[in-house]
Amino acid sequence: MPLFTVTRQIAIDAGHRVSTHGSKCRHIHGHRYVIEAECAATTVQTEGEQKDMVVDFGFLKEEMMAVIDGGCDHGFIASIQDVALLQMFAPENPTESDWLETLREEVSTVGFALTTDTRLGSKLYVIHAIPTAEQLAHHWFERLAERVQDRSNGLARLRAIRVHETPNCVAIYSEA
C-alpha cells in the first residue's frame, strides 16, 4: 500500500532534570530540543486548500507551536513525581502543599499542568512521567495526534514524534 509522509520540525529551549538518573542528568540542566512530527496518509487531499497534500505544513506547525512551543519553550519541564524540585518553584502564597495539590489534580485530569504561578514567575510545565526525551516524545505524541487528524480533515495520522535532545541523541515515539 502506498504511503505519503510529511515531517515538520520545530525547536525549543527548555530546562529539565532526570531525578532518577545515576549520573549528571539528575542535575538541573537545559537543552535545545529539536522536535519532529511525522504524519502519514495513504493518499493526499483531493480538494480544498490542502489539495494534493497530506496535511499543510503550516497547519502542522501551528499545532506544534501551540502544544509544544507555547507550553515548554523557555520554561522548565518537570515531573509531578519530583517533589523536591517542584518545591523550589512553589510560590510562597498559596501554601506550597495547596499549590502542589493543584498541580497534581491538573496533571491527573488533563495530562499536564502549565503555570507561571511560581516563586520567580517562570514558566513551569509539569507532566506525569520523568521528562526524558522518550517520555517527552510520548507525551507530545498524545497531545498532537488528534489535532493532526482534525487539521487534515481526518486524512492524516501522526506517525511519530522525534525528540532530539542533543545533535547526537534522539528519542522516537510512534504507534504502528
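A short reminder: the numbers here are calculations on the coordinates, not readings from a lab. In this text, all values refer to a predicted model and were calculated from it rather than measured experimentally. Cβ: placed from backbone, ideal geometry, glycine included. Neighbour counts: every protein chain shown.
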Test for THR116: is it among the β-branched types (Val, Ile, Thr), within 16 Å of GLY15 (Cβ to Cβ) and free of Cβ contacts under 8 Å to residues at least 24 places away in the same chain: yes
ALA37 vs. criteria under 14 Å from the mean Cα position of the chain (by Cα) and on the phi < 0 side of the Ramachandran plot: yes
Any chance GLU165 is in contact (Cβ under 8 Å) with a residue 60 or more places away in the chain and surrounded by fewer than 21 Cβ atoms within 10 Å (Cβ to Cβ): yes
Top-ranked residue in the stretch 79-89 [being more than 22 Å from the chain's Cα centre (by Cα) and free of Cβ contacts under 8 Å to residues at least 60 places away in the same chain; ranked as nearest to ILE28 (Cα to Cα)]: MET88
Qualifying residue in the stretch 42-50 (condition: touching a strand residue (DSSP E or B) at 6+ places or on another chain (Cβ under 7 Å) and either within 30 Å of ASN168 (Cβ to Cβ) or small (Gly, Ala, Ser) (or both)): no
